[in-house]
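Participant: Pasting in a structure now, in structure tokens, and then I'll have a few things to ask.
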Amino acid sequence: MSNDVRVLLLAGGLGTRLRPLTDTTPKCLIPIAGRPLLGYWFDRFADAGLRTVRINNHHLPGQVRAYIDEKNATGQFDVSEAHEPALLGSAGTVHANRAFADGAGDVVIVYADNLSDVDLRALITAHRSHDDPLTMMLFRAPRPEKCGIAELDADGRVISFVEKPEHPKSDLANAGLYVVSADAFREIADLDAFDLGFDVLPRFVGRMRGWLWDGYHLDIGTHEALKRANADALRLFMQKRDEA
């Protein structure tokens, strides 16, 4: 994968629904099958040849900094920190890191809250196969009223997007993973908005594409989800590592 693709990894959340675990461990470093959640994302980055990563950092920041130092020490990644004394929101983090897109072709924006086996190389290839400035990864949601829901036309272009709709028009849900052109990243930054789902994505309706991932993708937002993730990781991810 081209080295002009960078990653903005949104990992600063408090993880309140995972207390008391997150009282002493940042949500992004909660262990899943013995490995921190972020480790699974760095596996995805390595698989796609993505090296330049910036992580926003707020809750228990010293632990995240230590993890960043570990990753940089491997020589495989160039990881930087964007510390937020007060949480800025997903779009606010883009605003605060506008210059991160300088010199890049595209930026991958990732919510670190999810455990995923997504093929980022395939997603970036799909993004570069069309002319729209943003590609949003989608998954089929069992409870679409709890998600941001997209409708697509025959070309895969998003023709409507509603965050947590009362009456969902589809089950195609925002997976919290986007590929945006550098210009679009700066456009988002200049909106000076707070949340990508509520404040930004509706502005890109008609000029962004949806990309459906049928593989594994789970929001680690509750203790129930974390329990499921631990079982799934042993079955899916460890097997893949052993096969490799």
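The values are calculated or read from the model by the stated rules, or taken from the named source; none is laboratory data. Being a predicted model, the structure only gives us computed values, none of them experimental. Cβ: placed from backbone, ideal geometry, glycine included. Neighbour counts: every protein chain shown. What goes into the accessible areas is simple: the full protein's heavy atoms, side chains included, and nothing from ligands, DNA or RNA. Shrake-Rupley method; radii C 1.70, N 1.55, O 1.52, S 1.80 Å.
Participant: Counting only residues that are out of contact with any strand residue (DSSP E or B) (no Cβ under 6 Å at 6 or more places or on another chain) and either surrounded by 15 or more Cβ atoms within 10 Å (Cβ to Cβ) or among the basic types (Lys, Arg) (or both), which one in region 46-60 is nearest to Gly92 (Cα to Cα)? Outline the logic, then answer.
Facilitator: At the first step, the residues of region 46-60 found to be out of contact with any strand residue (DSSP E or B) (no Cβ under 6 Å at 6 or more places or on another chain) are 46-49, 58-60.
Now narrow it down to the ones that are either surrounded by 15 or more Cβ atoms within 10 Å (Cβ to Cβ) or among the basic types (Lys, Arg) (or both): 47-48, 58-60.
Values: Asp47: 29, Ala48: 27, His58: 13, His59: 16, Leu60: 20 Å.
Result: His58.
Participant: Tell me which residues, restricted to region 76-99, are of a type in the set (A, V, I, L, M) and farther than 21 Å from Val5 by Cα. Give the derivation first.
Facilitator: Kept after step one, since they are of a type in the set (A, V, I, L, M), are these residues of region 76-99: 79, 82, 86-88, 91, 94, 96, 99.
Hits for region 76-99 are Ala86, Leu87, Leu88.
Participant: Okay, next question. Enumerate the strands (runs of 3 or more DSSP E) found wholly within region 113-205, keeping only those where 1 or more residues are closer than 27 Å to Leu236 by Cβ.
Facilitator: 114-116, 134-140, 148-152, 172-181
Participant: Separate question: Go through (1) touching a Lys or Arg at 6+ places or on another chain (Cβ under 9 Å); (2) farther than 25 Å from Gly103 by Cα and name the single condition Pro142 misses.
Facilitator: (1)
Participant: If you don't mind, there's one more thing I want to ask. Report, by residue number, each residue of region 122-131 that is open to solvent by 20 Å² or more (accessible area, probe 1.4 Å) and either among the aromatic types (Phe, Trp, Tyr) or within 28 Å of Leu226 (Cβ to Cβ) (or both). Break it down stepwise before answering.
Facilitator: Let us first name the residues in region 122-131 that are open to solvent by 20 Å² or more (accessible area, probe 1.4 Å), namely 122, 125-126, 128-131.
Answer for region 122-131, where residues must be open to solvent by 20 Å² or more (accessible area, probe 1.4 Å) and either among the aromatic types (Phe, Trp, Tyr) or within 28 Å of Leu226 (Cβ to Cβ) (or both): just Ala122.
Participant: Now a separate question. Given the criterion part of a loop (DSSP other than H, G, I, E, B) and without any contact (Cβ under 8 Å) to a residue 12 or more places away in the chain, identify the matching residue among Gly39, Gly75. Spell out the reasoning first.
Facilitator: Numbers: Gly39 fails: part of a loop (DSSP other than H, G, I, E, B).
Within the list Gly39, Gly75, the selection yields Gly75.
Participant: Here's something else I'd like to know. Under 6 Å between Cβ atoms, at least 6 apart or on separate chains: pull out the pairs that start in region 13-24 with a residue that is within 23 Å of Thr93 (Cα to Cα) and end on any residue that is assigned to a loop (DSSP other than H, G, I, E, B).
Facilitator: Sorted first by the residue in region 13-24, then by its partner, the pairs are Leu14/His59; Arg17/Gly221; Arg17/Thr222; Thr22/Gly15.
Participant: Which condition breaks for Ala66 when tested against (1) aliphatic (A, V, I, L, M); (2) open to solvent by less than 20 Å² (accessible area, probe 1.4 Å); (3) more than 19 Å from Thr222 (Cα to Cα)?
Facilitator: (2)
Participant: Among the numbered conditions (1) within 17 Å of the chain's Cα centre (by Cα); (2) under 24 Å from Lys27 (Cβ atoms); (3) of a type outside the set (Lys, Arg); (4) at pLDDT below 95, tell me where Asp214 comes up short.
Facilitator: It fails just one condition, (2).
Participant: Assess whether Val94 counts as being part of a helix (DSSP H, G or I), farther than 24 Å from Ala233 by Cα and open to solvent by less than 10 Å² (accessible area, probe 1.4 Å). Give the steps one after another, and end with the answer.
Facilitator: Working: part of a helix (DSSP H, G or I): yes; farther than 24 Å from Ala233 by Cα: yes; open to solvent by less than 10 Å² (accessible area, probe 1.4 Å): yes.
Considered against the rule, which asks whether it is part of a helix (DSSP H, G or I), farther than 24 Å from Ala233 by Cα and open to solvent by less than 10 Å² (accessible area, probe 1.4 Å), Val94 comes out as yes.
Participant: Can you name every residue in region 51-70 that is part of a helix (DSSP H, G or I) and either of a type outside the set (Gly, Ala, Ser) or modelled with pLDDT of 95 or more (or both)?
Facilitator: Once the filter is applied, which keeps residues that are part of a helix (DSSP H, G or I) and either of a type outside the set (Gly, Ala, Ser) or modelled with pLDDT of 95 or more (or both), region 51-70 yields Pro61, Gln63, Val64, Arg65, Tyr67, Ile68, Asp69, Glu70.
Participant: Here's something else I'd like to know. Mind counting the residues in region 192-227 that are of a type in the set (D, E, K, R), surrounded by fewer than 18 Cβ atoms within 10 Å (Cβ to Cβ) and within 18 Å of Gly156 (Cβ to Cβ)?
Facilitator: Residues flagged as of a type in the set (D, E, K, R), surrounded by fewer than 18 Cβ atoms within 10 Å (Cβ to Cβ) and within 18 Å of Gly156 (Cβ to Cβ) within region 192-227 amount to 2.
Participant: Just checking, does region 222-235 include any residue being more than 26 Å from Asp117 (Cβ to Cβ) and modelled with pLDDT of 90 or more?
Facilitator: Keep residues of region 222-235 that are more than 26 Å from Asp117 (Cβ to Cβ), which gives none.
Checked region 222-235: no residue is more than 26 Å from Asp117 (Cβ to Cβ) and modelled with pLDDT of 90 or more.
Participant: Please list, ordered by first then second residue, the pairs with beta carbon atoms under 7 Å, 6 or more apart or interchain, first in region 119-147 and among the basic types (Lys, Arg), second part of a helix (DSSP H, G or I).
Facilitator: Within 7 Å, the pairs are Arg121/Asp47; Arg121/Ala48.
Participant: Might you check whether a residue that is touching a His at 6+ places or on another chain (Cβ under 7 Å), closer than 27 Å to Leu226 by Cβ and at pLDDT below 90 occurs anywhere in region 71-86? Steps first, answer last, please.
Facilitator: Within region 71-86, the first condition is being touching a His at 6+ places or on another chain (Cβ under 7 Å), and the residues that meet it are 84.
Applying the additional criterion that residues be closer than 27 Å to Leu226 by Cβ yields 84.
From what's left, at pLDDT below 90: 84.
The answer is yes, given that some residue of region 71-86 is touching a His at 6+ places or on another chain (Cβ under 7 Å), closer than 27 Å to Leu226 by Cβ and at pLDDT below 90.
Participant: Could you look through region 153-178, keep only residues that are more than 15 Å from Leu123 (Cα to Cα) and open to solvent by less than 20 Å² (accessible area, probe 1.4 Å), and pick out the one that is nearest to the chain's Cα centre (by Cα)? Walk me through how you get there before you give the answer.
Facilitator: Kept after step one, since they are more than 15 Å from Leu123 (Cα to Cα), are these residues of region 153-178: 153-155, 158-173.
Filter once more, keeping what is open to solvent by less than 20 Å² (accessible area, probe 1.4 Å): 158, 161, 165, 173.
Values: Val158: 19, Phe161: 18, Pro165: 21, Ala173: 14 Å.
Among those that are more than 15 Å from Leu123 (Cα to Cα) and open to solvent by less than 20 Å² (accessible area, probe 1.4 Å), it is Ala173.
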